[in-house]
Amino acid sequence: MAFENLEVWFVTGAQLLYGGDVVVAVDAHSNEIVKGLNDSGNLPVKVVYKGTVNSSAEVTATLKAANNEEKCIGVITWMHTFSPAKMWIHGLQELRKPLLHFCTQYNKEILWDSIDMDFMNLNQSAHGDREFGHIIARMRKNRKIVVGHWQDAEAQKKIATWMRVSAAWADAQDMLIIRFGDQMNNVAVTDGDKVDAEMRLGYHVDYYPIADLVAVQNEVTDQDIANLVAVYEKEYDLAENCKEGGKDRSQVIEAARAEIALRRFLQKKEAKAFTTNFDDLEGIDQLPGLASQRLMAEGYGFGAEGDWKTAALYRTMWYMGQGLPKGCSFLEDYTLHFDGENSAILQAHMLEVCPLIAEHKPKLEVHPLGIGGKNDPARLVFTSKEGEGVAATIVDMGNRFRMIVNKVDCIKSKELPKLPVASALWIPQPNFEVGAAAWIMAGGTHHSSFSYDLTLEYLEDYAEIAGIEMIVIDNHTTLSEFKKELRMNEVYYMLNKALC
Ligand code: MN
């Protein structure tokens with residue numbers, strides 16, 4: 001139900017050369033295709049047929065209306081007849097919503113025995129979609145192209161992916177990211193140009209002093225806390241020292257107080273993501289690790305130590321993946337495990353790993369942190385599920401944003417009795433040495449946003465809509481080709497900037 005108030009517009013291209021009967025037939029076919037897509041059960045967002053456009057004026061009016069309709073997160077175009085593409089120029093210049101060019105055809109197979117010239121005057125997608133494709137290529141307009149029959153589940157799934165990404169794109173366009181404290185001092189990779197990020201990605205990043213959060217925290221009542229601790233007791237296994245009467249029970253209570261305050265603060269500001277800094281917690285009892293873990297699971301973007309880009313990317317990846325089964329998390333390259341073919345990277349953080357990726361019911365524990373000079377924090381401890389996933393980051397290269405995506409294989413992790421944090425253990429593709437070297441060569445962060453449910457296609461669609469660079473590290477990666485790609489991209493984006 002996450003996407004139920006959104007819609008994608010379906011616009012059919014044609015022209016008036018072929019007479020009124022053809023216009024009526026095009027309309028009927030378009031309605032049938034849209035109904036078929038909606039009834040397929042494969043699409044998360046409702047498709048709305050917005051009519052057939054037969055002239056430049058109609059194209060422009062329809063695409064301008066798409067810009068102005070808040071519910072509309074993207075436009076699918078399909079050419080039923082040959083729609084001379086100069087009529088699309090002005091409309092496409094206006095269009096600011098994501099575009100999907102659906103190269104399909106009403107009939108599935110060639111009707112060998114009955115096909116005649118009347119049929120050909122009506123059904124011209126094969127050449128119509130090429131004419132339309134040309135003008136988009138000529139205008140250097142970003143789009144996704146899906147080729148396939150409209151009743152084919154594979155084609156529908158490609159549209160579904162683009163829909164989820166387009167919904168997340170719309171969600172990002174008014175994304176407020178709240179930072180308590182700044183970047184961890186001196187850290188380069190998590191910083192970047194916030195003005196450019198707002199222009200290019202939609203992110204709006206605001207700073208609030210921790211004192212503002214403390215003021216909200218002071219309003220939290222004992223009853224609020226009791227209610228939340230009851231939720232903890234239901235959802236997690238509490239360590240002995242965390243149970244009622246346990247010696248660290250008070251730390252669980254303080255963790256609940258901070259969580260309630262943080263959630264209220266984010267709700268009041270209508271923020272979608274936040275960052276914390278363990279050096280800036282005056283008036284807060286402990287690093288709000290449990291709060292960050294639980295808020296991530298609700299969809300709030302989170303980045304540690306002021307990392308606003310990863311906070312935003314987590315929110316976007318969570319948004320795309322709503323309703324999908326395996327989950328996502330903020331993670332950090334924590335420590336390396338050299339073991340031949342099984343060499344792997346332990347993924348964790350001081351506290352803040354999202355319980356959506358847990359393989360079993362998390363344990364709620366309180367232990368010392370040894371950094372930040374605060375009281376011992378509560379945290380959820382668990383190991384992650386096994387399976388393939390994607391780790392992504394966005395870095396600021398000075399003249400552009402670069403998204404780096406690594407396909408990774410999560411393997412069985414182990415308990416860490418002396419290091420009580422939640423963790424995942426993964427082997428980067430194509431293997432530990434090449435995967436890690438490529439990530440480092442591309443300038444990737446030590447933080448990433450990870451998802452089991454999303455595939456490269458989602459992040460490709462996202463980078464295409466945003467118009468940012470995307471670098472993939474997967475089983476096809478070799479370091480020599482990777483290095484060439486980075487160098488080629490350097491030239492491409494330099495020229496691209498000069499041309500724009
Ligand atoms: Mn960190």
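Values in this text are rule-based calculations from the coordinates and carry no lab data. Being a predicted model, the structure only gives us computed values, none of them experimental. Backbone-built Cβ (ideal geometry, glycine too); neighbour counts: all protein chains shown.
Which net charge results when you count Lys and Arg as +1 and Asp and Glu as -1 among the other residues whose beta-carbon is under 11 Å from that of Pro377?
Details: positive: Lys374, Arg379; negative: Asp248, Glu254, Asp285, Glu352, Glu365, Asp376.
Overall, the nearby charge balance is -4.
Quick check on the chain: of the DSSP beta bridges with both residues there, what percent are antiparallel, nearest 5%? For the chain, the DSSP antiparallel bridge percentage is about 45.
Between the listed residues Met470, Pro417, Val434, the Cα displaced farthest toward the positive end of the dipole of segment 362-500, a dipole computed from Cβ unit charges relative to the Cα centre, is found at Pro417.
Where the only charges are on Cβ atoms (+1 Lys, Arg; -1 Asp, Glu), what is the dipole of segment 2-64 about its Cα centre, to the nearest 20 debye?
Numbers: 4 positive and 7 negative charges, 34 e Å.
The calculation lands at about 160 debye.
Sparse packing (at most 12 other Cβ atoms within 10 Å of the Cβ) combined with a DSSP loop state is found for the following trypsin sites (Lys or Arg not before Pro) in segment 56-126: Arg96, Lys108. Note on the chain: helix-only mean residue ellipticity at 222 nm, from DSSP H runs of 4+ residues weighted -39500 (n - 2.57) and normalised by residue number, equals -12500 deg cm²/dmol. Protection proxy ranking of 396-408, 46-58, by the mean of other Cβ atoms within 10 Å over each peptide's residues and highest first, is 396-408, 46-58.
For segment 356-465, a crude dipole built from +1 on the beta carbon of Lys and Arg and -1 on the beta carbon of Asp and Glu, taken about the Cα centre, is about 540 debye to the nearest 20.
For segment 169-321, a crude dipole built from +1 on the beta carbon of Lys and Arg and -1 on the beta carbon of Asp and Glu, taken about the Cα centre, is about 340 debye to the nearest 20. Just in segment 258-342: which GluC sites (Glu not before Pro) are loop by DSSP and have at most 16 other Cβ atoms within 10 Å? Passing sites in segment 258-342 are Glu270, Glu282. Rounded if a/c is under 1.5, else prolate if a/b is larger than b/c, else oblate: which is segment 142-259, with a ≥ b ≥ c the root eigenvalues of its Cα gyration tensor? Cα axes put segment 142-259 in the oblate bin. Cross-link reach is defined here as a Cα-Cα straight distance under 14 Å, omitting same-chain residues fewer than 8 places apart; for Lys497 the aspartates and glutamates meeting it are Asp196, Glu469.
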